[in-house]
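The values are calculated or read from the model by the stated rules, or taken from the named source; none is laboratory data. Fair warning: this is a prediction, and the values are worked out from it, not measured in the lab. Every residue, glycine as well, gets a Cβ built from its backbone with ideal geometry; the counts of neighbours run over all protein chains shown.
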Amino acid sequence: MTRTLVLVIDRDDDLGVKAGLRGPVVGRRNVLAAALKLGIADPEESDTNAIFAALRQHDLILEEAGPEDAVEVTILTGDERVGVRSDRAIALQIEDVIETFGPDRAVMVSDGAEDESLLPIIQSRIAIDHVHRVVVRQSKGLEGTYYYIVKALDDPALQRRIVLPIALVFVTIGIGIAFKQAWLIGALPLILGIYLMARGLGMEAVFSRIVAEMNSNTDGAMVSTVLWSMSFISGLLAAATAWDTYQDLFAQNEAMNIIILTMIDGSLQWLIIAFLFAILGGLVLGARRGRFRGRLLVVMMFVLTIWEFSRTALTIAIDGLNGANYTFDPNTFIPDWGASLLFLTGAWLTWRTVRVVERRDEDGKRFHGV
């Protein structure tokens, strides 16, 4: 006796967004009804073809099955915010289906590489014998290509990730040409680098999580929004201070290395203030939700330590470039580096305290960490 599960994955939850159905959808009758409802809601949705292909696979396997064999078909839905949230939802649904139906093997129907990226999650819970990819035949003419490009650009996720950055690049170039600001065009690599770095560090997911927490806690969100606004303003002040310093020293024909170090020294305090406001915003939001984030305190102390070390090092470096001699001896080391060592000691003590509190709370009490 073999129990086969035919499954199709809707990772971005088109079934829920467009047809109002929540997964998992189990059973041929229910899956067929879901396909019809999704097809009526959006006739151009590719997931509809994948669902019908899953029904066909179900029927073909059922025709070849023995009298004691069982075949079932299901739709697993994720979340419109594709990522960790959607993958966790699919993992929970496949576990529910396995617990209910008890399949021995599975056949997966996919309409693209995005759904197939979930294969490791599915295979960790059930053996997959076959992956059937649905390829919809489309027009190869220029008109058809243009149509599908336009439809792809209507995708909100694609708009945020591709269309918006391209639009910002063109806007920046246009402003630079119109107002004859060559530095603005020269700043494009910096802007693109910041965007790619944010994408690489997963800042989009972090920002989405912060917005979700703010929506679930209005009081904490108001205070956090004010603090994060102050952080943004401090960042702007840091940039303005650096620019003013550059203009003043460049007009005085100072050496470029002195200009750069002085710019960093002048804007560093505003950057530190920006970081501190951002960390305080996270602390307030976490405290309002009953979750004290001890590690944010550690980060705050280490940021202050880095600032103090950097401030002292920049002062010594600028004085050295201006011709001053610096010698490491007890008479100069303690006055110059004593505050930095105190900050470092405070950061270490904060880190140790948070570690102790975390270990004490491992017995099931509230966790004071991230």
Query raised in the report: When the stretch 240-265 is examined, which residues are found to be without any contact (Cβ under 8 Å) to a residue 60 or more places away in the chain, surrounded by fewer than 18 Cβ atoms within 10 Å (Cβ to Cβ) and of a type in the set (G, A, S)?
Result: A240, A251
Report task. With the checklist (1) hydroxyl-bearing (S, T, Y); (2) in contact (Cβ under 8 Å) with a residue 24 or more places away in the chain; (3) closer than 25 Å to R88 by Cα in hand, flag the one item T48 doesn't pass. Result -> (2)
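For every residue, the table says whether it meets (1) surrounded by 13 or more Cβ atoms within 10 Å (Cβ to Cβ); (2) under 28 Å from the mean Cα position of the chain (by Cα); (3) modelled with pLDDT under 65; (4) within 25 Å of R85 (Cα to Cα).
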| site | (1), (2), (3), (4) |
| --- | --- |
| I128 | yes, no, no, yes |
| K140 | no, no, yes, no |
| I149 | no, yes, no, no |
| R160 | no, yes, no, yes |
| G200 | no, yes, no, yes |
| M230 | yes, yes, no, no |
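Any idea which residue in the stretch 118-132 is farthest from T4 (Cα to Cα), counting only those that are part of a loop (DSSP other than H, G, I, E, B) and touching a residue at least 12 places away in the same chain (Cβ under 8 Å)?
L118
Working carefully through the options G66, G23, find the one that is at pLDDT below 90, out of contact with any strand residue (DSSP E or B) (no Cβ under 8 Å at 6 or more places or on another chain) and of a type in the set (G, A, S).
Just a single option satisfies the conditions, and that option is G66.
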**Report entry** Which listed residue is touching a Ser or Thr at 6+ places or on another chain (Cβ under 8 Å), surrounded by fewer than 18 Cβ atoms within 10 Å (Cβ to Cβ) and either at pLDDT 80 or above or closer than 20 Å to R352 by Cβ (or both), from F277, F309, F302
**Finding:** F309
Query raised in the report: Where residues in the stretch 232-256 are among the acidic types (D, E) and assigned to a helix (DSSP H, G or I), which of them is farthest from A274 (Cα to Cα)?
Result: D248
Report task. Return yes or no: is V97 in contact with a Ser or Thr (Cβ under 8 Å, 6 or more places away or on another chain), aliphatic (A, V, I, L, M) and at pLDDT 90 or above? Result -> yes
